[in-house]
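**Q** Structure incoming, see below.
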Amino acid sequence: MAVPSAVAGLLRRPARLGDEVYSAIFARIMSLEIAPGARISVDAMARQLGVSQTPIREALARLESEGLVIKTHLIGYSAAPQLNAKQFVDLYELRLLLEPFAARKCAEIMPAEVIDQLGALCVEMEALSHREGLDAYAQFAQLDMAFHDQIAVSAGNALVVEALSRLHTHVHLFWLLFHARVTKSAIEEHQKLLAAIRARDPDGAEAAMREHIERSRDRFKARYPSQTRGA
Ligand SMILES: [Zn+2]
């Protein structure tokens, strides 16, 4: 039986021109070289990267599906805007409703080979924690996204997957943590969660995911200068 796995694709890392163009634009958005809300010109981007417009359009369509880019009729592409304080609170409320549930289901039904793939992701994230800089954090954010996506997919409820994917959580969190480093505590929280799934412990997995999301919220919350603004 084929297991839908975002993780397997990520670990394979195919290097096509399209992927390179995608990564280049991804990095510019994530590093705020292209500011949130700013227009992205297909023509200018093609000239900057020295490629034709086709791979640029393909990359932008992919970034749009991931929530980093917005396409507006007659205007074209722009980088997605940042969350305000109220949207941040809402995002975490919904995550706390859905993700601990997904972790509980995974402890019951996630296939052993997918648990192993998540284990491999944890090892990669651990390795990144020994490196500094934006590039390491960008890679960490992508691996973390794959980790959480896989748990949502493996829980087996398509509506939960859809609701979580529409939040584009990692895009927003990355921007908040622009100057941050890979956090050791997030790595330990993932390992605790994965251990509970591996032990087929639904209560433990649910509690570990809740703890991870609450602590993640607290790590990011400090980035908002005022919790009253818009809240
Ligand atoms: Zn995480």
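All of the numbers you see were taken from the coordinates with simple rules; none came from a lab. The structure presented is a predicted model; accordingly, all values stated were derived computationally and were not measured. Cβ coordinates were reconstructed from backbone atoms using ideal geometry, including for glycine residues, and neighbour counts include every protein chain displayed.
**Q** Once you place label points 7 Å from the Cα toward the Cβ at N84 and S65, how far apart are they in nm?
**A** The answer from the label model is 3.2 nm.
**Q** Any chance you could give the angle, 0 to 90 degrees and rounded to 10, that helix 112-128 forms with the longest Cα principal axis of the chain?
**A** Long axis of 112-128 versus the principal axis of the chain: about 60 degrees.
**Q** To the nearest 10 degrees, how steep is helix 134-154 against the longest Cα principal axis of the chain, on a 0 to 90 scale?
**A** The angle comes out at about 50 degrees.
**Q** Let's see if you can work this out: charge +1 on each Lys and Arg Cβ, -1 on each Asp and Glu Cβ, no other charges. What is the dipole magnitude of segment 110-220 about its Cα centre, in debye to the nearest 20?
**A** With only Lys, Arg, Asp and Glu charged at Cβ, the dipole is about 220 debye.
**Q** Please give the per residue volume of the convex hull enclosing the alpha carbon atoms of the chain, rounded to a whole number of Å³.
**A** Once divided by residue count, the hull of the chain is 135 Å³.
**Q** Once the Cα atoms of helix 85-109 and of the chain are each reduced to a long axis, what angle between those two axes, in degrees from 0 to 90 to the nearest 10, is obtained?
**A** Roughly 50 degrees between the two axes.
**Q** Sticking with this one: Hey, which lysines would be in cross-link range of K86, C-alpha to C-alpha under 18 Å, not counting anything within fewer than 8 residues on its own chain?
**A** Those lysines meeting the cut-off are K221.
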